[in-house]
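Engineer: Let me give you the structure first, and then I'll get to my questions.
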Amino acid sequence: MKSIYVITLFIFFQYSFSQKSTSELNGIEDDIKLWIEKYQAVGLSVAVVKDNEIIYSKGFGYRNLKEQLPVTENTVFPIGSTTKAFTGSLLGILASQNKVSFKDKPAKYIPDFEFYNDKMNNLIAIEDLLSHKSGIGNQGTSEVFFPEKNKLKVVQRLKYLKPEGEIKNSFEYSNMGYTLAGTIVEQITKKSWDTNIHEMIFKPLSMNNSYTKLEEISKSDNYSLPYGLYNKNIEQVKFEIYNSISPAGAIKSTVSDLSNWMLTWINNGTFENNEVIPKAYVKQATRLQNIKNGDYESDSFLHGDGFGWRLKSSYGHYRIDHGGNTFGFSSSLVMFPFEKIGIVVLSNQDNSLLPHLIADIITRKLFNIDPESAYPVKIKEIFKPLPYQSFNKEKMPTHPLDNFCGIFEAKGYGRIKVIIENEKLYAVLPKYKFQLQHTHHNSFFFKPTKNFKDVFSPQFDLKFIDDLNGDISGLQLFSQKEPITFKKH
C-alpha cells in the first residue's frame with residue numbers, strides 16, 4: 001500500500017522519448033499531473049495523432065510502483081474492450097475477400113450451432129453481434145463462473161442461454177456476441193483469433209509491442225502491472241485472464257502502437273500507403289448501426305454504436321470512441337475522423353474515469369473549447385468481502401444443512417457442488433469456491449473465501465428450491481436479468 005503522500009512525490013516524474021511539440025496542447029502536462037494526483041493513479045500513457053502524424057506521446061508515473069519503473073509511450077497496457085474494434089475489423093477484412101457477409105447467420109459458419117429460440121436463429125446476423133443489437137446480452141455468469149478456453153464449446157452454450165434484450169431492437173452490451181464473432185473468424189480462416197489479429201492487423205500496422213495473450217507480455221521489458229484503490233490506498237491486483245472471451249477484450253498494447261491503429265482509421269483504413277482495413281468496412285463500422293438510450297446534452301448527443309465503436313456528436317464534432325476496463329487497468333481511445341484527430345489514454349488504475357477525463361481535457365484544447373470547471377473524481381474501489389456472519393437466527397433454513405448439499409447443474413453453464421465444511425455451506429464452482437452467506441430461510445449469497453483475488457464483487461444471491469414433496473430439488477442463482485435455475489442431481 002502507498003499513501004497519498006507517496007503519490008504526490010512520484011507524479012512529478014514523467015518520461016518522454018519522441019514527441020512533436022504543439023502549441024494547442026500547452027499546459028497539458030500540468031493538467032495530467034494534477035489529475036493523476038487527484039485520482040491517486042500510479043501511471044498513465046498518452047498519445048495524440050493529428051493530420052497523419054503523432055503530435056504528442058508521453059508516459060507519466062510508474063508501470064511498477066514498487067520498483068519505481070517509469071511509464072513510457074512504449075509501455076504495454078491491457079486495453080480491455082477497446083479490443084472489440086479489432087475483432088470487427090477481422091470480419092471486415094474477410095468480407096472484402098468475399099469469405100463472409102455481415103448479413104449471414106452465425107450458424108452458417110459454426111457447427112452444431114443454435115440460439116435459444118427460433119426467433120433468434122431466424123433474425124440474428126453477424127452485423128447484430130458487432131453492434132450489440134442481437135439481444136444476447138453479456139452472459140457473464142457463463143463466461144466468468146464457468147470458464148472454457150475452447151470458443152467453439154462456449155458459443156454452443158447459447159442454445160441454452162436466454163436472451164437479455166429484444167432481438168434486433170435493443171442495446172444489450174455483449175462480450176458473448178464478440179466471442180461468437182471471433183469464433184466465426186476462426187472457423188472461416190482455420191486459424192486462432194490470436195493468429196488472425198497478429199497477421200492481419202498487428203503486423204501490417206507495425207504494432208510490434210502488441211499482444212493478445214497474457215503470457216506474451218513477459219517478452220516485453222516494458223509492461224505495466226495492474227493497480228486499484230481500496231480505502232484510498234493503492235494495491236497491486238491480479239491480471240484478468242481471458243479464456244473464450246478474448247475477442248471482446250484481451251489485447252495488450254501501447255500508445256505508440258495504438259497511434260498507428262488510430263492513423264489507419266482516420267485515413268479510411270490505409271496505413272503507410274497500404275490498405276489494411278477495407279475502406280468500405282471503415283465506413284460501415286463508423287456509421288450508426290444501433291441507437292442507445294440516454295439523455296442528450298448540448299455537447300453530447302446522437303449516441304449509438306457502429307461495429308466495435310461508440311458514435312456520437314461531441315462538442316459539435318463527429319466522434320468515434322471506445323473505452324476499456326479490465327482488472328487493474330482503464331483506457332480511452334477517441335477519434336474525430338473529419339478533423340483527423342485521435343487520442344488514446346491508457347492507465348494502470350482499475351475502474352477509473354481518469355483516462356476519459358484526460359481525453360476530454362485534450363479534446364477541449366485541440367478544439368479551443370473552455371476547460372471543464374469541475375471534473376468528478378470517480379474511481380470504483382476494488383472489491384473486498386466483509387467478514388462472514390452467522391445464520392439469521394430469526395429466519396433459519398427450513399432444512400438441515402445436509403439437505404442442501406449435492407450437485408446442481410444448468411445447461412449452458414455448468415455444475416455447482418454444495419458441500420459442508422465446519423458447519424458452513426460452500427459452493428464449489430470450476431474456478432471459484434464461495435461460502436454461502438445466509439440471509440433468510442433458504443436464501444444465501446456467494447461469499448468469497450480468502451483465496452478470492454479478483455477485483456469484482458461475485459456476491460450474487462441464490463435461493464434453494466423445494467419440490468412438491470418438500471425436498472431440495474434445485475437452486476436459483478440471481479446473477480443475470482432473470483434467475484438461472486440449477487437442477488439437483
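The values are calculated or read from the model by the stated rules, or taken from the named source; none is laboratory data. Just so we're clear, the structure is a prediction, and the values are computed from it rather than from any experiment. Cβ: placed from backbone, ideal geometry, glycine included. Neighbour counts: every protein chain shown.
Engineer: Working only within region 437-455, note down all residues that are of a type outside the set (S, T, N, Q) and farther than 15 Å from LYS395 by Cβ.
Structural biologist: PHE446, LYS447, PRO448, LYS450, PHE452, LYS453, ASP454, VAL455, listed by residue number.
Table: residues versus (1) assigned by TED's automatic domain parsing to the domain that holds ARG157; (2) touching a residue at least 12 places away in the same chain (Cβ under 8 Å); (3) surrounded by 13 or more Cβ atoms within 10 Å (Cβ to Cβ).
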position	(1), (2), (3)
LYS378	no, yes, no
PRO387	no, no, no
PHE404	no, yes, yes
ALA410	no, yes, yes
GLU423	no, yes, no
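Engineer: Keeping to region 150-167, report how many residues are touching a Lys or Arg at 6+ places or on another chain (Cβ under 7 Å) and either assigned by TED's automatic domain parsing to the domain that holds GLY414 or surrounded by fewer than 19 Cβ atoms within 10 Å (Cβ to Cβ) (or both).
Structural biologist: Initially, region 150-167 is screened for residues touching a Lys or Arg at 6+ places or on another chain (Cβ under 7 Å), giving 160, 164, 167.
Pick out the ones that are also either assigned by TED's automatic domain parsing to the domain that holds GLY414 or surrounded by fewer than 19 Cβ atoms within 10 Å (Cβ to Cβ) (or both) and you get 160.
Number satisfying all stated conditions: 1.
Engineer: Anything in region 217-251 that is modelled with pLDDT under 95, hydroxyl-bearing (Ser, Thr, Tyr) and in a loop (DSSP other than H, G, I, E, B)? List them, or say none.
Structural biologist: SER220, TYR242, SER244
Engineer: For region 334-362, enumerate the residues that are closer than 13 Å to ARG319 by Cα and either surrounded by 20 or more Cβ atoms within 10 Å (Cβ to Cβ) or under 20 Å from the mean Cα position of the chain (by Cα) (or both). Lay out the reasoning, then the answer.
Structural biologist: Filtering region 334-362 for residues closer than 13 Å to ARG319 by Cα gives 334-343, 359-360.
Result: VAL334, MET335, PHE336, ILE341, GLY342, ILE343, ALA359, ASP360.
Engineer: Now a separate question. Name the residue, out of THR183, THR195, THR179, that is part of a helix (DSSP H, G or I), surrounded by fewer than 24 Cβ atoms within 10 Å (Cβ to Cβ) and at pLDDT 95 or above.
Structural biologist: Exactly one of THR183, THR195, THR179 is part of a helix (DSSP H, G or I), surrounded by fewer than 24 Cβ atoms within 10 Å (Cβ to Cβ) and at pLDDT 95 or above, namely THR195.
Engineer: Here's a follow-up. Here is a list of conditions, (1) under 18 Å from LYS292 (Cβ atoms); (2) in contact with a strand residue (DSSP E or B) (Cβ under 8 Å, 6 or more places away or on another chain); (3) of a type outside the set (Val, Ile, Thr); (4) crowded, with 19+ Cβ neighbours inside 10 Å, and TYR318 meets all of them except one; can you say which number that is?
Structural biologist: Among (1) under 18 Å from LYS292 (Cβ atoms); (2) in contact with a strand residue (DSSP E or B) (Cβ under 8 Å, 6 or more places away or on another chain); (3) of a type outside the set (Val, Ile, Thr); (4) crowded, with 19+ Cβ neighbours inside 10 Å, the lone unmet condition for TYR318 is (4).
Engineer: Which members of region 289-314 meet the condition of being assigned to a loop (DSSP other than H, G, I, E, B), at positive phi and touching a residue at least 12 places away in the same chain (Cβ under 8 Å)? Outline the logic, then answer.
Structural biologist: The initial filter retains those residues of region 289-314 that are assigned to a loop (DSSP other than H, G, I, E, B), namely 289, 292-296, 298-299, 306-309.
Going one step further and asking which of them are at positive phi, we end up with 294, 308.
If the condition is that a residue be assigned to a loop (DSSP other than H, G, I, E, B), at positive phi and touching a residue at least 12 places away in the same chain (Cβ under 8 Å), then GLY308 is the only one that fits.
Engineer: Among the residues of region 340-356, which ones are of a type outside the set (A, V, I, L, M) and either under 18 Å from TYR375 (Cα atoms) or part of a loop (DSSP other than H, G, I, E, B) (or both)? Don't jump to the end; show me each part of the working.
Structural biologist: Here is the first cut: in region 340-356, the ones of a type outside the set (A, V, I, L, M) are 340, 342, 347-352, 355-356.
Within region 340-356, LYS340, SER347, ASN348, GLN349, ASP350, ASN351, SER352, PRO355, HIS356 qualify.
Engineer: Another one. Could you say which residue among GLU127, GLU143, GLU114 is of a type in the set (Asp, Glu), on the phi < 0 side of the Ramachandran plot and in contact with a Leu (Cβ under 8 Å, 6 or more places away or on another chain)? Explain how you work it out, then say what you get.
Structural biologist: Working: GLU127 fails: in contact with a Leu (Cβ under 8 Å, 6 or more places away or on another chain); GLU143 fails: in contact with a Leu (Cβ under 8 Å, 6 or more places away or on another chain).
Checking each option against the conditions leaves just GLU114.
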